[in-house]
Amino acid sequence: MANSVNISVEAPIENQIQEITYDGQEIYQAPLSMSENLARLAQKIDFSKTEDEFCNIKKEGESSLDVKSEEDKEPGYQSSLWPWDSVRNKLRNALTEVCVLADVLSIAKEKRYMVLDPIQAEQIESRPMVQVYGRKKALSAAGAVLLNGVERLRASETMRMTRNMPDFHIDLLRLRQNWRLKKVSNTIVGDLSYRTAGSKFSQTGVFEVTKAPEEQIAQAMSMNATGPAPSALRVTVPPELQGVAFISVLCQKEQEDVVTATLSSSALNCPGTLPGEGAELHWQQKLEAAQNVLFCKELFARLAAEAVQLDASIPHMVVGNQIMATVLPGIQLLIGLCHNNGQNNNNPEGVKSEGSGNKSEHDHVLEHSLHQLLRAVHHSNTHHPFPHPASGPLGPSKRRSLAGPMAADRYELLEMSKEQSLLEQIIQQAQHFFMRRRSEYVLDTIAKEVKDPLIVSHWNALNSPTQSCVKINIMAYGYDAVCRTSLVVHVGEKTLKCICRDGKVRHLSYELQELRDLIYCQIYQHQMTAVQAVGRCMGWQLLASSSHLGSGPVEPLGNASSCLLASPNGDRMIAIRCEPSVGIQVFIAQSPRKDFFVSELVQDKKWENLGGAFKEVKLEKMEGKNFLNKMELLMACLSSPL
Amino acid sequence: MHRNLPQNKEALLKSYTTRLKEDVKSMLENFEEIIKLAKGENDSQLNRMTQIEQDTFEMQVRAANIVRAGESLMKLVSDIKQYLILNDFPSVNEAITQNSKLFRTKQQECDQKLMSLRDDIAADLYDLEDEYFTSIYK
């Protein structure tokens, strides 16, 4: 312990160094007195902080407190104010607040101006349940809306499925396959006109396609469960095309005056309504009916225009919905447009009774021909003859396009431009119809009137609307192999052409009498030739014959004819004279005349062979089926030796 | 298959596509919104009850929107069908050729039948005429 070392122990510098002099001496600041220290710390107290926060800050650590103290120190030193100033201010504030509180309390106590109520503390606890219920309700409402929508979709689907409801789109597809349709904005519009088929009629045939309401379909289905399913489509046709229409064609004798004619013809029995008009028609039928109406209108408009343009010798008349044209003298063709659109239902009974009084009936054949003619026009409008020019308009006929290369002159071109109008064609057909009917009538009546030679007429099955042909055979029963006269009559529009057995061609007019006369002439000619043929068969000799006898009274038609036959041994003679107005007369003569008496002038006996006077045979009293048979018997009788 | 469609047809087809997309999108968005509302995360200034009522109504409207979008899709399907039916010219042409073929064969059949009928009738008529005109009774 002897060599111990002195260790100097210095107390740490507790006081802050205020100044270091040049000689290294440190001058310390005088330590703060207790009061000063308290004042400094008091300055640091933040009265705004609550107790908790204050503690928290303390826990955070000394360093932050130190930094804070440094910062706080500045105003402490800087402010030359009294160090307890902040404390005093805080205390004063606290006092003010306490005073206010005391005032409030005192006022509250009085219960005159202010009442203190307890605050409900439960609100916080009930909050989640209300929200849950609220959301549940909201979600279920939203779900109900969704389910509703789904249900509606499903219901419509199942109804269509289970009850076999027609599908709109399938019907639309079928409609599209048969008719022209297009969509214009929101509607589906169709066209039923014949434009695409070559029609140039101005009236449009637009119809509208809509969806039929489902209730109506259901109703219709319940009404007729067995019938065809109703369509889901509804077709709306413009009112001018609704209903039924047809072109009535009447041929009638000319009326006394025009007024009655129009009156009786205005009472054309209009067609009834379509079957099942009351119920909704199927669209196909409805459209077809409308198309027919349009077609009839076009046909009638065209015919009416032609009737006005044509300058016939007897002008055609167009009155209202009727065209009158003269076919043959005394015979009129009435073409009328009947359109019953179901709106102006004038009593059909009255119409019918008047219509039945009118003898002439609607001619279906001519109506059909009219339809055919217009369709042919449509066809020619779209089907142009080949070759089609690469440039230039389509349409001129083949003859017309050949006119250039063939150097046709003006006359030929004019001839080409002439076209037969529909009206002319139908008038021709009507004329032919009448000619045919009349010839039929004439032939039948002659066949009835004339029993002896049989008149057999055969109508040719091959004919055209304006030409037909009849073959007439004249023969006697039992002698058709011996002699037969046949002739052919071509029935045209206004004339008849008759080709006779001998090859002669005769043109007859539309007058019935001419044909009648011709046939009668042919009958008598036939009788004469037939007698000659029978005579030849019997070995008789034809001495003379003349078909145009000059003797006797003048005949109203034709000429008298005659022939003279001699028996094989020449002792008997038969003379036949045929006059169309009288009939056939037969005379016989005997060669060794029985009544020969020798007179003063003719004394020789040989003169008895000269033949005697002709005596008429009473044909009607003879036996025999017909004239030829009688003649055969007569010849046989006369040729037998007496 | 894209031919030179006219301008408006092209536009129409595009509009069909956009309608489809919009409707599907609307369905999805509305559904998402409903789910979001059901979560209830949004804090607002409103009173709680008012908020709940508003949510309820919003959900209902959104559900109705979904239904509307569904129906709109059905309408779209129907429109597309209609468009196809009205503008499917190949199939229409096919139908027309088929129809015309059918009618042509029918016409031929009818013609043949009529011809044979006419021949029969003509033959019979000849005999009948013969018989009638050679008989006593006329």
Practice item. Would you check which residues across region A:415-439 are more than 30 Å from the chain's Cα centre (by Cα) and either β-branched (Val, Ile, Thr) or surrounded by fewer than 15 Cβ atoms within 10 Å (Cβ to Cβ) (or both) and list them? Key: A:Glu415, A:Ser417, A:Lys418, A:Arg437
Review point. Within the group B:Thr105, B:Thr134, B:Thr97, which residue is in contact with a Phe, Trp or Tyr (Cβ under 9 Å, 6 or more places away or on another chain) and either of a type in the set (Phe, Trp, Tyr) or outside the structural domain of B:Glu10 (by TED's automatic domain parsing) (or both)?
Key: B:Thr134
Revision key, fill the gap. Across region A:182-218, the tally of residues that are within 17 Å of A:Leu294 (Cβ to Cβ), in a strand (DSSP E or B) and touching a residue at least 24 places away in the same chain (Cβ under 8 Å) stands at 4
Exercise for review: Looking for whichever is of a type outside the set (A, V, I, L, M), within 43 Å of the chain's Cα centre (by Cα) and either surrounded by 10 or more Cβ atoms within 10 Å (Cβ to Cβ) or at pLDDT below 90 (or both) here; the options are B:Asn65, B:Asn47, B:Asn42. Which one fits?
Suggested key: B:Asn65
Revision key, fill the gap. Selection from region A:517-550 of residues of a type in the set (A, V, I, L, M) and within 53 Å of the chain's Cα centre (by Cα) yields A:Leu518, A:Ile519
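With respect to B:Tyr83, determine if the residue is within 11 Å of chain A (Cβ to nearest Cβ) and in contact (Cβ under 8 Å) with a residue 24 or more places away in the chain.
So B:Tyr83 fits the description; yes.
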Check your understanding: In the list A:Ser468, A:Ser486, which residue meets the criterion of being under 24 Å from A:Leu366 (Cβ atoms), within 14 Å of chain B (Cβ to nearest Cβ) and among the hydroxyl-bearing types (Ser, Thr, Tyr)?
Key -> A:Ser468
Check your understanding: Within the bounds of region A:299-318, is there any residue that is within 19 Å of A:Ala245 (Cα to Cα) and in a strand (DSSP E or B)?
Key -> yes
Practice item. Taking the residues in region A:425-465 that are part of a helix (DSSP H, G or I) and of a type in the set (Val, Ile, Thr) as candidates, determine which candidate is farthest from the other protein chains (Cβ to nearest Cβ). Key: A:Ile427
Exercise for review: Identify the single condition in (1) within 19 Å of A:Lys630 (Cα to Cα); (2) touching a Gly at 6+ places or on another chain (Cβ under 8 Å) that A:Gln527 does not satisfy, given that it satisfies every other one.
Suggested key: (2)
Point to revise | Selected residue (only one of A:Ala533, A:Ala613, A:Ala560 is without any contact (Cβ under 8 Å) to a residue 40 or more places away in the chain, under 26 Å from A:Leu487 (Cα atoms) and hydrophobic (A, V, I, L, M, F, W, C)) | key: A:Ala560
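Kindly indicate whether any position in region B:113-120 is of a type in the set (Ser, Thr, Tyr) and more than 8 Å from chain A (Cβ to nearest Cβ).
Taking every residue of region B:113-120 in turn, at least one turns out to be of a type in the set (Ser, Thr, Tyr) and more than 8 Å from chain A (Cβ to nearest Cβ).
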Check your understanding: Does B:Asp55 meet the test of being under 30 Å from B:Thr18 (Cβ atoms) and within 10 Å of chain A (Cβ to nearest Cβ)?
Key -> no
Practice item. Run down A:Leu241, A:Leu175, A:Leu147 and say which single residue is touching a strand residue (DSSP E or B) at 6+ places or on another chain (Cβ under 7 Å), among the hydrophobic types (A, V, I, L, M, F, W, C) and either surrounded by 15 or more Cβ atoms within 10 Å (Cβ to Cβ) or modelled with pLDDT of 80 or more (or both). Key: A:Leu175
Check your understanding: Out of curiosity, is A:Ala530 closer than 30 Å to A:Gly570 by Cα and out of contact with any strand residue (DSSP E or B) (no Cβ under 8 Å at 6 or more places or on another chain)?
Key -> no
Check your understanding: Going by the structure shown, is A:Arg152 more than 7 Å from chain B (Cβ to nearest Cβ), modelled with pLDDT under 85 and farther than 30 Å from A:Phe295 by Cβ?
Key -> no
Check your understanding: How many residues, within region A:536-586, are outside any loop (DSSP other than H, G, I, E, B) and over 15 Å from A:Ile523 (Cβ atoms)?
Key -> 21
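Just one of B:Asn93, B:Asn99 is modelled with pLDDT of 90 or more, assigned to a helix (DSSP H, G or I) and within 8 Å of another protein chain (Cβ to nearest Cβ); which is it?
Criteria check complete, one pass: B:Asn99.
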Review point. Conditions: (1) exposed (fewer than 15 other Cβ atoms within 10 Å of the Cβ); (2) more than 38 Å from the chain's Cα centre (by Cα); (3) assigned to a helix (DSSP H, G or I). A:Glu514 meets all but one. Number of the miss?
Key: (1)
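The values are calculated or read from the model by the stated rules, or taken from the named source; none is laboratory data. These figures come from a predicted structure and were not determined experimentally. FYI the Cβ positions are ideal-geometry reconstructions off the backbone, even for glycines, and counts take in every protein chain you see.
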